[in-house]
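The block underneath contains the structure these notes are about, expressed in structure tokens.
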Amino acid sequence: MTSPDATRRAPLSLFLGGDVMTGRGLDQVLAHPSAPRLYEAWVEDARDYVRLAERRNGPIPAPVSPAYPWGVALEVLARAAPDLRLINLETAVTRHPRPWPGKGINYRMHPANLACLQAARIHCCGLANNHVLDWGRPGLRETLASLHAAGLQTTGAGVDRDQAERPAAFAIPGKGRVLVFAVGLADSGIPPTWAAGARRPGLSFLPDLSAASARRLAARLRRHKRAGDLLILSVHWGGNWGYHIPQAQQDFAHRLIEEGGVDLLHGHSSHHPKALEVYGERLILYGCGDLLNDYEGIDGHEAYRDDLRLLYLAELEAGSGKLRALRLVPLRIARMRLQEASGEERQWLLQRLAPEVRRFGAELSLDDDGWLALSWGL
């Protein structure tokens, strides 16, 4: 039961972003590019991704400012003024020269380019994903040190298992404490050898979505959560393409809400936005889609319109974690910069996502700002 005090408090406001990949081509157009050599099967120079993007949408004025990739998103975030800003950072932040052997795709951003994340005033980076160890355990150590030195909290990776499984904690004045955990699933492409050990750097890793895995994770989360805390679980899971939500993901999310005290599940890995659900008055984002990356010149999945991106702005009831409101801000990427979506692009997102959301008993509609607004419990 929600206390009268909780309902009187202003809601906790959140910005949640999907995959933020500021490495490779995007790193090349920032002021301090890494060495451009790549170890991919078809592309050997990160600058080729810049050329592909320019071929698609026009020249990029490199070197760009740290704020450049965020474009109009910075205006949106300034207007929304969220209490907490959370992303999944899907790149290493390192100068380490040797990639993980045989992985094939290796993302990294130069530590001197971290002002790019600071420009968006990001508070917390989830790191439990399939790219943060692309430059080995030395690269992970430098990633953690660089992010922390820049004033960014992290969760989901660490110099050992204890640090990887520890939450990032935020005390929000007048609204209580927020705990953010991150876990990565094997089905997102994370090698099992990336799991953190007692004395080994790595990730907070789950091998599967079984009931046993969910129970173990729920017990770990409960050990940290105190009365009045809000708990966010950031999950990197599933493949890159397709709108189907596996029953195993649904069951896992429901169990973590029921048994683990999760108030919001922040899912990602898909390259495009997927369905969302309100379960037990808690928000489940099954796939937030990409937010920043260098993919715009790559062909092959045009049907998914992965050039269209969303900012997720949620409001949770302070003290209880119940969802109060959710708005999704449509944007598009061009010249490696977030730009305002057109009317046609907003309509496309609405028409594509509304049926997916309706399957979970909720509705999406365009509000007066041209943003997607969620209604549920109808």
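Values in this text are rule-based calculations from the coordinates and carry no lab data. Since the structure is predicted, the reported quantities are computational estimates derived from the model, not experimental observations. Heads up, the Cβs are rebuilt from the backbone with ideal geometry, glycines too, and the neighbour counts pull from every protein chain shown.
Run the numbers for Arg51 and Ser210: contour at 0.36 nm per residue of separation, minus the present Cα-Cα distance, in nm. Don't skip to the answer; put the middle values down first.
Values: separation 159, 0.36 × 159 = 57.24 nm, distance 4.32 nm.
Using 0.36 nm per residue and subtracting the Cα-Cα distance, I get 52.9 nm.
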Looking only at Cα atoms, what is the convex hull volume of the range 147-258 per residue, in Å³? 128 Å³
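State the extension gain, in nm to one decimal, for the chain segment bounded by Arg223 and Arg177, taking 0.36 nm per residue of separation less the distance between their alpha-carbons. If you can, show how the numbers build up before the last one.
Working: separation 46, 0.36 × 46 = 16.56 nm, distance 1.49 nm.
Result for the pair: 15.1 nm of gain on full extension.
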Based on the alpha-carbon gyration tensor of the range 108-177 and its eigenvalue square roots a ≥ b ≥ c, which shape applies: rounded if a/c is under 1.5, prolate if not and a/b is larger than b/c, or oblate? oblate
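Would you work out the charge dipole size for the chain about its Cα centre, treating the Cβ of every Lys and Arg as +1 and the Cβ of every Asp and Glu as -1, and quote it to the nearest 20 debye?
On the way: 45 positive and 42 negative charges, 241 e Å.
Approximately 1160 debye in magnitude.
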According to a simple spin-label model (label point 7 Å from Cα along Cα-to-Cβ), what is the distance in nm between Arg37 and Arg352? 3.8 nm
With each label point set 7 Å from Cα along the Cα-Cβ vector, what nm distance links Ala62 and Arg98? 2.8 nm
On a C-alpha basis, how far is the centre of the range 140-206 from the centre of the range 19-79 in Å? Whole number, if you could? 25 Å
Would you check the chain for Lys pairs whose C-alpha atoms are within less than 26 Å, ignoring same-chain pairs closer than 8 in sequence, and give me the count? 4
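From Cα pairs below 8 angstrom and at least 6 apart in sequence, can you work out the relative contact order of the chain, rounded to a whole percent?
Details: 917 pairs, mean separation 69.0, N = 378.
Computed value for the chain: 18 percent relative contact order.
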Would you compute the Debye intensity of the chain from its alpha-carbon atoms alone, equal scatterers and no solvent, and pass along log10 I(q)/I(0) at q = 0.11, 0.12 Å⁻¹ to two decimals? -0.71, -0.86
Full-stretch length increase - Asp160, Asp251 - with 0.36 nm per residue and alpha-carbon distance subtracted: 29.8 nm
Mean separation of Cα contacts under 8 Å, 6 or more apart, over the residue count of the range 134-217: relative contact order %: 28 percent
Tell me, how many Å apart are the Cα centres for the range 342-361 and for the range 80-124? 30 Å
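To the nearest 0.05, how large is the calculated FRET efficiency for Ala149 and Ala10 if R₀ is 30 Å and r is the Cβ-Cβ distance? All intermediate terms of the calculation are to be shown ahead of the outcome.
Details: r = 32 Å, r/R0 = 1.08.
Efficiency at R0 = 30 Å is approximately 0.40.
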Looking at the chain, send over the antiparallel percent of its DSSP beta bridges, to the nearest 5. 55 percent
